[in-house]
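Everything on this sheet refers to the single structure shown next.
The values are calculated or read from the model by the stated rules, or taken from the named source; none is laboratory data. Keep in mind the model is a prediction, meaning the values are calculated, not measured. Here the Cβ is made from the backbone with ideal geometry for all residues, glycine too, and neighbour counts use every protein chain on show. Accessible surface areas use protein heavy atoms only, side chains included; no ligands, DNA or RNA. Shrake-Rupley method; radii C 1.70, N 1.55, O 1.52, S 1.80 Å.
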Amino acid sequence: MPELASREHLRAIVPVVRAALAEAGVELGDLDAIAVTSGPGLAGALLVGITYAKALAFAQGLPLIAVNHLEGHIHAVLLQEREFPPVPKTEGPFGKLKAGTGAPAGVVGGGGAEETALALVVSGGHTHLYLAQPLNGTWKYSLIGRTLDDAAGEAYDKVAKLLGLGYPGGPWIDALTRFGNNKAVPFTFAQIKTKAHLGGKAPRTKGAKTAPIAELDPHFLFSFSGIKTAVLRYVQLHGLREEAAARVPRMMALGRPPKNREEALDLCPQVTLDLIASFQHAVVGDLLRKTFAAAEAVDAERILVTGGVAANRELRERFTAEAARRGFRVAFPTLALSTDNAAMIAAAAWPRYVTGEFARSELTAEPGMVLGRD
Ligand code: KG4
Ligand code: ZN
């Protein structure tokens, strides 16, 4: 509900900024610059942030820096690496890479934050693959792949809703997956075949509506609307609709995802748990296959996985194992930095601050802003 979202932004922005400054133990006078998200996103919410940031920057005499939300997600991982440098790699590119050693955020292997990376941004609004390359102190991005319809997080949220689970759906499905058989329902993803199939139409997603697709390799295109329909069909076929509807009040009473098998089975029958596990296994498998294929195709030195869905346990485990198997390095943000946050916007702004790339006073919201078009 865009109207409600902007009103909530307006209500929250002053107390949130005050609380953040207080928690960090700094005052407005201590700041060097103000960074703000200029897109993509909901116009009303973006405008609240931009207007407030402009006013603060003007009043404090500080430079203003505009940041793309997706670039922020990529910098969440880079920030993490700067704070907790990965353990230096001691083996060759195909040598043993120990998962997790001394790297709290799941950075596997060594390497610096200044290397070319393939970034998978996977959230409620996006499922995009970018090649991120350091260039003259800042970063350059090229779009490699993207979803044609729903984002992976959107599929999680829709399936969770269909099954009477909480919102956002990701954490619920993540928690319940452990108790189901992920081979019970054989979901498949058809290969997206030809460019002609796309019909030249711009795909619809919440964020970057106009991102180019015609030149993209179809092997790196995603589509998550089919699996959502397949889950719906399974639910209808197995008469799980009423069962799902009956779960809503019990799920709301619990107020959080189940913690153990007993709670899970109390909330969902085994057939639903199996469906949930199979859904997640298929989605993570598709993300994994295409991301690693793209990393190989563009000869990336490492893979960054970021955005809300990057908080997923199975995704982290399987990406880590596949990276070790194929000799890639992979990094994730901490769980807190995986979902939307402001620290990632500050982190993305930092290289622009250093190189003096400031926003002009005419800066305005760009709801359909894309990353890496040039
Ligand atoms: O990055 P984010 O906080 O906001 C957007 O920019 O969209 O991502 C939110 C999305 C939601 O769709 C949510 O269901 C999903 O991330 N999500 C997860 C998990 N935690 C959040 N998906 C799978 N597993 C999780 N653990
Ligand atoms: Zn996001």
Please report the relative contact order for the range 152-300, taking Cα pairs under 8 Å with a sequence separation of at least 6, and give it as a percent rounded to a whole number.
-> 43
Find the accessible area per residue for the range 152-300; the probe is 1.4 Å, ligands and nucleic acids are left out, and the unit is Å².
-> 49
Sequence of 322, 23, 3 when ordered by accessible area, the most exposed leading, probe 1.4 angstrom = 23, 3, 322
Expressed in square angstrom to the nearest 10, the accessible area of residue 188 with a 1.4 Å probe stands at 120
Fraction of antiparallel bridges per DSSP, the chain only, in percent to nearest 5 | 50
So, with a 1.4 angstrom probe, what is the percent of accessible area on the chain that is carbon and sulfur?
-> 58
Taking R0 as 45 Å, what's the FRET efficiency between residue 318 and residue 353 from their Cβ-Cβ distance, rounded to 0.05?
-> 0.80
For the pair residue 149 and residue 253, the simple spin-label estimate (label points 7 Å beyond Cα toward Cβ) gives in nm 3.6
Give, rounded to the nearest 20 debye, the magnitude of the charge dipole that the range 152-300 has about its Cα centre when Lys and Arg contribute +1 at Cβ and Asp and Glu contribute -1 at Cβ.
-> 400
Residue order for 84, 187, 58, 222 - accessible surface, 1.4 angstrom probe, largest first = 58, 84, 187, 222
By the DSSP-based rule, helices of the chain that are at least 24 Å long along the axis (C-alpha) and have a mean Kyte score of at least 0.5 are 43-60, 270-297
Around residue 134, with a cut-off of 9 angstrom between Cβ atoms, what is the net charge of the other residues, counting Lys and Arg +1 and Asp and Glu -1?
-> -1
Please return the longest stretch of the chain lacking exposed loop sites, where trypsin sites (Lys or Arg not before Pro) count only if DSSP places them in a loop and at most 15 other Cβ atoms lie within 10 Å.
-> 260-359
How many Å² of accessible area per residue for the range 322-374, probe 1.4 Å?
-> 53
Spin-label pair residue 188/residue 342, simplified geometry with 7 Å Cα→Cβ offset, distance in nm = 4.9
How high is the relative contact order of the chain, given as a whole-number percent (alpha carbon pairs under 8 Å, six or more residues apart)?
-> 28
Could you compute the FRET efficiency for residue 142 and residue 361, with r as their C-beta to C-beta distance and R0 at 41 Å, rounded to 0.05?
-> 0.85
Treating only the Cβ atoms of Lys and Arg (+1) and Asp and Glu (-1) as charged, compute the dipole magnitude of the chain about its Cα centre; round to the nearest 20 debye.
-> 880
Mean projected area in nm² (Cα convex hull; one quarter of hull surface) for the range 152-300 | 10.1
